1. Would the stretch 205-219 turn up any residue that is touching a Ser or Thr at 6+ places or on another chain (Cβ under 9 Å) and under 26 Å from Thr147 (Cβ atoms)?
2. If Asp54 satisfies all but one of (1) in contact with a strand residue (DSSP E or B) (Cβ under 6 Å, 6 or more places away or on another chain); (2) under 30 Å from Val93 (Cβ atoms), what's the number of the condition it fails?
3. Out of the residues in the stretch 156-189 that are modelled with pLDDT of 95 or more and of a type in the set (S, T, N, Q), state the one that is farthest from Val20 (Cα to Cα).
4. Does Gly107 fit the bill of being under 26 Å from Leu286 (Cα atoms) and either surrounded by fewer than 18 Cβ atoms within 10 Å (Cβ to Cβ) or in contact with a Cys (Cβ under 9 Å, 6 or more places away or on another chain) (or both)?
5. Evaluate the following for Tyr64: is it closer than 16 Å to Ser303 by Cα and among the aromatic types (Phe, Trp, Tyr)?
6. Inspect the stretch 335-349 for any residue being within 30 Å of Gly61 (Cα to Cα) and either modelled with pLDDT of 95 or more or surrounded by 19 or more Cβ atoms within 10 Å (Cβ to Cβ) (or both) and give the result as yes or no.
7. With the requirement that a residue be touching a helix residue (DSSP H, G or I) at 6+ places or on another chain (Cβ under 7 Å), assigned to a loop (DSSP other than H, G, I, E, B) and buried (at least 24 other Cβ atoms within 10 Å of the Cβ), what does the stretch 134-148 give you?
8. Looking at the stretch 162-218, which of the residues that are without any contact (Cβ under 8 Å) to a residue 60 or more places away in the chain and among the aliphatic types (A, V, I, L, M) is nearest to Asp379 (Cα to Cα)?
Amino acid sequence: MIKKVAILVNGGDCCGLNAVIRAITKTAESHNIECYGYIDGYKGLVENDYVRLDHSNIAAGILYKGGSIIGSSTNTIVFHYPFTNPDGSIDFVDMSDRCVENFKNNGFDCLFTLGGDSTQKSARDLFLKGINVIGVPKTIDNDVVGTELTFGYDTAVSVATDALDRLHSTGETHGRIMVLEVMGRFAGWIALGSGIAGGADVILIPEIPYDLNKAAEAILKRKSRGKKFSIVVVAEGALPKEKPAEEFAESTGQETGIKVKFSGAGERVAKELEKLTGITARNTTLGYLQRGGKPTSNDRLLSTKYGAKAMELALQEKFGVLTVLKNGKLDCISLEEVVGNNKDLGAVEGGTKDSNVKYVTMDDELVITARNIGICLGD
């Protein structure tokens, strides 16, 4: 019987995290189950740093708040945990056994892991080592395998759409190409969603290597019809045809988690389009604005449903699973399915060739809609 549970948040923050924490906590309270939160994600699990959430003010009044009341850790891998030596050098140690020991000594019966691909990979690995785990899919990129929708995505798309609305007025006033770079290292869900909702003329996503000559042609065609400005949305991971990704990558300077990031996609596209079209182009990189602030009502609803469902699964003692939305209904899938081919214990870097990322497919309704209404996708 479940008597005591814990929650941790790992990876980048997104809107809806607190709503999930609140839903898990309130569902636990209604079943007389103690609920705790590990501070700063997997780091808290290693250091055994946690707080009680049920019947406390910590988890009160948080439904509308962005971020995470229990913090989060990024690029923290318990199987490859950094320790700084007195001389400043860093050693990496497998702390997974300590995590299991801490968890069991505290008397916890279940651990809820709120996070994306890398977080759930670590969750699967800890499950294999004896921790009862239930994952909840978190990422603004909407690219977690097995679920139709992740919380945080709707808010990110809303923020990006609002930015496009504002860029429209400046672009139209000055007759410019206005480029908006949005998040999406490997999947273009935010770019597509906001681009369609925000009336973009060109959308460039990681799944479609682009030819900027095609985008320039679309922009010049608009100009010939009297449209003096254009709106371009670029996912940060969008890349041109016939050029290796490494040419546009830079190190994060970290030895754990995601080691490579793509840099400056929007700025590159703006400069090249200006050369190709002769029209002044300006880039805006939305960055972390997509992650913060109040969640939309849709994200609050989705997060609450995910949290309540996760606690329901714990009561049923269904562990080693991820809470998902499938065919519009709440369900769960095995964490093994989420991990895909990335099977090695402790190998949690996201976006590897073995990672199981939910990519945009060419038969997706968003792609079809974009093409139907004349949006150029760079191909």
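The values are calculated or read from the model by the stated rules, or taken from the named source; none is laboratory data. Fair warning: this is a prediction, and the values are worked out from it, not measured in the lab. Here the Cβ is made from the backbone with ideal geometry for all residues, glycine too, and neighbour counts use every protein chain on show.
1. Taking every residue of the stretch 205-219 in turn, at least one turns out to be touching a Ser or Thr at 6+ places or on another chain (Cβ under 9 Å) and under 26 Å from Thr147 (Cβ atoms).
2. Against the list (1) in contact with a strand residue (DSSP E or B) (Cβ under 6 Å, 6 or more places away or on another chain); (2) under 30 Å from Val93 (Cβ atoms), Asp54 comes up short only on (2).
3. Thr161
4. Values: under 26 Å from Leu286 (Cα atoms): no; either surrounded by fewer than 18 Cβ atoms within 10 Å (Cβ to Cβ) or in contact with a Cys (Cβ under 9 Å, 6 or more places away or on another chain) (or both): yes.
Considered against the rule, which asks whether it is under 26 Å from Leu286 (Cα atoms) and either surrounded by fewer than 18 Cβ atoms within 10 Å (Cβ to Cβ) or in contact with a Cys (Cβ under 9 Å, 6 or more places away or on another chain) (or both), Gly107 comes out as no.
5. Values: closer than 16 Å to Ser303 by Cα: yes; among the aromatic types (Phe, Trp, Tyr): yes.
Yes; evaluated as a whole, the condition is true for this residue.
6. Residues of the stretch 335-349 that are within 30 Å of Gly61 (Cα to Cα), as a first pass: none.
No.
7. First pass over the stretch 134-148, keeping only residues touching a helix residue (DSSP H, G or I) at 6+ places or on another chain (Cβ under 7 Å): 134-136, 138, 140-146.
Filter again for assigned to a loop (DSSP other than H, G, I, E, B), leaving 140-143, 145-146.
Those that are touching a helix residue (DSSP H, G or I) at 6+ places or on another chain (Cβ under 7 Å), assigned to a loop (DSSP other than H, G, I, E, B) and buried (at least 24 other Cβ atoms within 10 Å of the Cβ): Ile140, Asp141, Asn142, Asp143.
8. Checked the stretch 162-218; the qualifying residue nearest to Asp379 (Cα to Cα) is Ala191.
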